[in-house]
2 protein chains.
Amino acid sequence: MNDVNGYVKSGGRLKARRAGIDTYQQPVVYMRRDCAVCRAEGFEAQAQVELVANGHQVPALLNRVDAEWLAHDEAALSEAAWGLLGLADGDEVLVRHATPLESLRFVRAKVYGRKLDYPSMRALIDDISRGRVSDLHLAAFVTACAGGRLDAQEVVALTRAMVDVGERLSWPMSPVMDKHCVGGLPGNRTTLIVVPIVTACGVVMPKTSSRAITSPAGTADTMETLAPVALDIATMRRVVEREGGCIAWGGSARLSPADDMLIRVERPLDLDSEAQLVASVLSKKAAVGSERVLIDLPVGPTAKVRSSAAAQSLAASLIEVGSAIGLQVQVLETDGRQPVGRGIGPALEALDVMAVLHRHTEAPQDLRERSLLLAGTLLEMAGRAGPGHGLALATRTLDSGLALAKFIALCEAQGGLREPPRAAHSAVVAAPATGRVGAIDNRRLARAAKLAGAPRDPAAGAVIHVRLGDAVAAGEPLFTLHAEAPGELAYALAYVNAQEAAIVVIDPPDSGADSAADNAPAAAAETGTYLP
Amino acid sequence: MNDVNGYVKSGGRLKARRAGIDTYQQPVVYMRRDCAVCRAEGFEAQAQVELVANGHQVPALLNRVDAEWLAHDEAALSEAAWGLLGLADGDEVLVRHATPLESLRFVRAKVYGRKLDYPSMRALIDDISRGRVSDLHLAAFVTACAGGRLDAQEVVALTRAMVDVGERLSWPMSPVMDKHCVGGLPGNRTTLIVVPIVTACGVVMPKTSSRAITSPAGTADTMETLAPVALDIATMRRVVEREGGCIAWGGSARLSPADDMLIRVERPLDLDSEAQLVASVLSKKAAVGSERVLIDLPVGPTAKVRSSAAAQSLAASLIEVGSAIGLQVQVLETDGRQPVGRGIGPALEALDVMAVLHRHTEAPQDLRERSLLLAGTLLEMAGRAGPGHGLALATRTLDSGLALAKFIALCEAQGGLREPPRAAHSAVVAAPATGRVGAIDNRRLARAAKLAGAPRDPAAGAVIHVRLGDAVAAGEPLFTLHAEAPGELAYALAYVNAQEAAIVVIDPPDSGADSAADNAPAAAAETGTYLP
């Protein structure tokens, strides 16, 4: 009864406490099952409640607690809830039944097969961007949109709504160029080469990139080993005004904020919805003020897009929706069968980039060629080179050293060029047999690089010494793991040795070391996956 | 590094600890962000992991913790995870990456609009019933099935799969009768009257019922104030052999175990999928071995089914799918505009039931009439009464005292008839003005009864003294709240006084106290909702 009297006295308020529990973006509140508010409000486990504090209202999932770490007058909040409410320990938080979200009827409408117009999409995406929509409802929405259930007009409405609920940059110059890679391959750090080539030719390219979510390095992580990337909007504008471009982290501005919320449920559901992908990519591009966008679409058996037919459908949608929201989009289908360059991990990828910019003879040619192709296409799209002449201009700009000079200038403008760190420890993984490289498993290599510490330790990761189809002798190095600490190196090595081979050596040498990698091998010398 | 060495030594095992956190049926594991296993495995927040202990494998959601209540070598488990693994404090638990569930491809197939056959449904429902499918995937499945996206064959396959993955009772007698109410009204405790009437006429009716989930009382809660209901299968069989029926709690057997899992996501999503409802109801009935089932379908503006058209579509599907899985189904559309009887709360509803069985003159006539209608229909369905003669037989059986005698015998067989408890405290809520009862808000009344302590305190709840359209004078009692403790009574009263009226008195007396409740009132004397 003290509880109930306590409740009446407190008016449903509890002392806020940081639970220190990371539930990703889903706000959760932990309350004693027998606390005054829980009993009085009749909250059930997993109830949707509303938290009110500091003038913010945040929907949260309730978890009832029977344990001594939480007091009866406390409400412990997950990291997401804590951050959204801007709380300090001991602040009061009001917990009440969630007011039903008006926009959830649009989720239901879509579930029941109705078409959503712009105002409906806008209302829903606005609530999603503010963290008001639960994971379950997000899952329902994403599901209801998948399988081609959004028509072209709806994808346009969704994309526009995703742009409109966030901030939007604009630039005084034109055309503003951009590029994006769908479902990045490890090591595909062309951005750091493309931007200096394109801007050295006088074309504007204010590039924002993301940090790694699940990969061993994002473009922003790699760039950060060479120069500061966490630029605020004012700094970014200054850099772009001076140099015609930048390579910044896009996370500090509120650009297409609903996108991250949708991605958090799309990933575990493994729903590759073309509509959501198009809206995600194009909304980010429109929000940063880009006008002409080149999309790099790697196709391969372990890439996000696995067939040329899927690539063509996706490309058509990107171009159509882009056009509707005022973006000129061009798509390049590229080889997605193996990592690009040698390094996997922020600093190791940066070394590949610098080798290409410096025109070192040992620089990875695949990274150089992809970058030149993309830069050349962008130069043509910008009208800086005539049709068919972009590649030559890009190549001259790189080979003359102009791109390197521009990259150094960009880095200086962003806060100063620096040397990527080198890891203290390394270990070589050698070929178990003589043969040729039949398969490279991007995912296992990425996992090993992460276990070695990437991207948390920017120097950590892996360097691959072979390409598909290369001949190797038993004992020759396949790849080298880099780590800052011997324990992590040991753990990454233990993973590599315990799992199926990340790089598979097949075929005895007499079958011809120069046969193409995509000829089906008769048998695998090592257990493991190999190209079809 | 000690962490990593610790991990290598422990092989990914941590000390299990009961977190005491109720996440309903979603298993969650809490691990220190910087613990050896988290770091070594590279788990992210909200990762799907697999817990292994005591020969069980349970999929769980990972929540990373930065707080002192959890040690680095511990894994704290939510109540659901703890129960599924059958752990004791200090047991070892292995945490590893979840092996992808094969059956999730059927979720994706359905999302992409493909038709699921029985083996696909069976594989998926089997994983769901074992708690292997995450809430997000359940939400995707439920969404993909909603909006008429399951055809009749798929609903049959789903229903059959839901039956087949659980236990199934069988009875040596035939026909085995059953009844079910879709979206129960408060106080609609006809089961406790129908079963004794039907079994007193020699018809077999082994009835299992549920406890309250969100309501102030389930049929099992109400029955439990009169006799034991937590019967194991053997006891249930003995009772049915002796008395031809029982009124037991259905939760102790594993009957259609996937149903609860699906309901946990359907409720917050507020998706009233006809397909899922049909599968849910009929799978439970088939699992308990019923052969002929009468469905009570209340229709009203605040009931689950709101229009006669929706009721007819649902009835058609119940009959068609029932027939396909060997159940003879009949549906009765009933009045769902207000609560049935007077009591809301386990003991208060039991008193209504006993008054009807005892043929007291003040017994609630609506409860009596509904029960007789349902019992009469069941007697006709069983062939015990000719068409049109069931109601008369049911009425004779009740009025002769045979039903009361049978009810007492049923209670004795289940462990002994007992007196329902009476609450220590009560308070009357009076009419604020003279007029007539224009609306009764089932949900607010149910909420007040829960705040007063129902169903946790079986004696707590509310007693309604008026019916729609009744004339009342200012100060006359509308309803009485009952509670075991003065504080809870005060809180329920505070809720009643603070909110819009649960029972709305409208119209001055001169407008005619005998006008029908569903004539639109010109104006409400009290703020609040009223019938259209």
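The values are calculated or read from the model by the stated rules, or taken from the named source; none is laboratory data. Model, not experiment: these values are computed from the prediction. Note: ideal-geometry Cβ built from the backbone for every residue, glycine included; neighbour counts use all protein chains shown. Side chains included, ligands, DNA and RNA excluded: accessible areas come from the protein's heavy atoms. Shrake-Rupley method; radii C 1.70, N 1.55, O 1.52, S 1.80 Å.
Within segment A:159-177, track down each residue that is over 23 Å from the mean Cα position of the chain (by Cα) and within 21 Å of A:GLY131 (Cβ to Cβ). None; the set is empty.
When restricted to residues that are surrounded by fewer than 22 Cβ atoms within 10 Å (Cβ to Cβ), among the polar types (S, T, N, Q) and under 19 Å from the mean Cα position of the chain (by Cα), segment B:287-333 contains 1.
Per the listing A:VAL182, A:VAL194, the residue uniquely under 25 Å from A:LEU393 (Cα atoms), within 22 Å of the chain's Cα centre (by Cα) and either within 14 Å of chain B (Cβ to nearest Cβ) or among the β-branched types (Val, Ile, Thr) (or both) is A:VAL194.
For segment A:366-382, taking the residues that are in contact with a helix residue (DSSP H, G or I) (Cβ under 9 Å, 6 or more places away or on another chain) and free of Cβ contacts under 8 Å to residues at least 60 places away in the same chain, the one that is surrounded by the most Cβ atoms within 10 Å (Cβ to Cβ) is identified as A:GLY376.
When A:GLY438 is tested against (1) within 24 Å of A:GLN365 (Cβ to Cβ); (2) at pLDDT 95 or above, only condition (2) is not met.
Is one or more of the residues making up segment A:28-35 at the interface with another protein chain (Cβ under 8 Å from one of its Cβ atoms), among the basic types (Lys, Arg) and open to solvent by 20 Å² or more (accessible area, probe 1.4 Å)? Yes, segment A:28-35 contains at least one residue that is at the interface with another protein chain (Cβ under 8 Å from one of its Cβ atoms), among the basic types (Lys, Arg) and open to solvent by 20 Å² or more (accessible area, probe 1.4 Å).
Of all residues in segment A:417-438, those satisfying the criterion of being out of contact with any helix residue (DSSP H, G or I) (no Cβ under 9 Å at 6 or more places or on another chain), among the small types (Gly, Ala, Ser) and open to solvent by 10 Å² or more (accessible area, probe 1.4 Å) are A:ALA430, A:ALA433.
When each of A:VAL428, A:VAL340 is tested for being within 22 Å of A:ALA492 (Cα to Cα) and at pLDDT below 95, the lone residue that passes is A:VAL340. Residues in segment A:259-286 that are more than 14 Å from chain B (Cβ to nearest Cβ) and touching an Asp or Glu at 6+ places or on another chain (Cβ under 7 Å) were compared, and the one that is most open to solvent (accessible area, probe 1.4 Å) is A:LYS284.
For segment B:257-284, a residue qualifies if it is at pLDDT 85 or above, out of contact with any Ser or Thr (no Cβ under 6 Å at 6 or more places or on another chain) and within 22 Å of B:THR191 (Cβ to Cβ), and the qualifying residues are B:LEU277, B:SER280, B:VAL281. Give segment A:92-110 a look and list any residue that's open to solvent by 80 Å² or more (accessible area, probe 1.4 Å), within 14 Å of chain B (Cβ to nearest Cβ) and modelled with pLDDT of 90 or more, or say none. Result: A:ARG105, single match. Scan segment A:169-197 for residues that are open to solvent by less than 10 Å² (accessible area, probe 1.4 Å) and hydroxyl-bearing (Ser, Thr, Tyr) and the total you get is 2.
Counting the residues of segment A:443-457 that are open to solvent by less than 10 Å² (accessible area, probe 1.4 Å), away from chain B (no Cβ under 12 Å) and either over 22 Å from the mean Cα position of the chain (by Cα) or of a type outside the set (A, V, I, L, M) (or both) gives 0. Screening B:THR23 against (1) modelled with pLDDT of 90 or more; (2) at the interface with another protein chain (Cβ under 10 Å from one of its Cβ atoms) leaves a single unmet condition, (1). In segment A:111-143, the qualifying residues are those that are part of a helix (DSSP H, G or I), among the charged types (D, E, K, R) and away from chain B (no Cβ under 14 Å), and the one that is most open to solvent (accessible area, probe 1.4 Å) is A:ARG122.
crowded, with 21+ Cβ neighbours inside 10 Å, in contact with a helix residue (DSSP H, G or I) (Cβ under 7 Å, 6 or more places away or on another chain), modelled with pLDDT of 95 or more and not charged (D, E, K, R): does that describe B:ALA146? In short, no. Within segment A:458-472, if we keep just the residues that are among the aliphatic types (A, V, I, L, M) and under 14 Å from A:ILE506 (Cβ atoms), the residue that is farthest from the other protein chains (Cβ to nearest Cβ) turns out to be A:ALA471. Filtered by the rule that a residue be without any contact (Cβ under 8 Å) to a residue 12 or more places away in the chain and of a type in the set (A, V, I, L, M, F, W, C), segment A:386-418 gives a lone residue, A:ILE408.
State yes or no: is B:ARG254 at pLDDT below 95 and within 16 Å of B:ALA350 (Cα to Cα)? When the stated conditions are applied, B:ARG254 does not pass them. For segment B:144-159, a tally of residues being assigned to a helix (DSSP H, G or I) and within 13 Å of chain A (Cβ to nearest Cβ) returns 2. With the structure loaded, tell me whether B:VAL163 is within 14 Å of chain A (Cβ to nearest Cβ) and either touching a His at 6+ places or on another chain (Cβ under 8 Å) or open to solvent by less than 10 Å² (accessible area, probe 1.4 Å) (or both) or whether it fails that test. Taking the combined requirement at face value, the residue does not satisfy it. Taken over segment A:55-91, the residue count meeting the criterion of being hydrophobic (A, V, I, L, M, F, W, C) and either surrounded by fewer than 17 Cβ atoms within 10 Å (Cβ to Cβ) or away from chain B (no Cβ under 14 Å) (or both) is 7.
Within segment A:493-507, the presence of a residue that is open to solvent by less than 40 Å² (accessible area, probe 1.4 Å), at pLDDT 95 or above, in a strand (DSSP E or B) and touching a strand residue (DSSP E or B) at 6+ places or on another chain (Cβ under 9 Å) is excluded.
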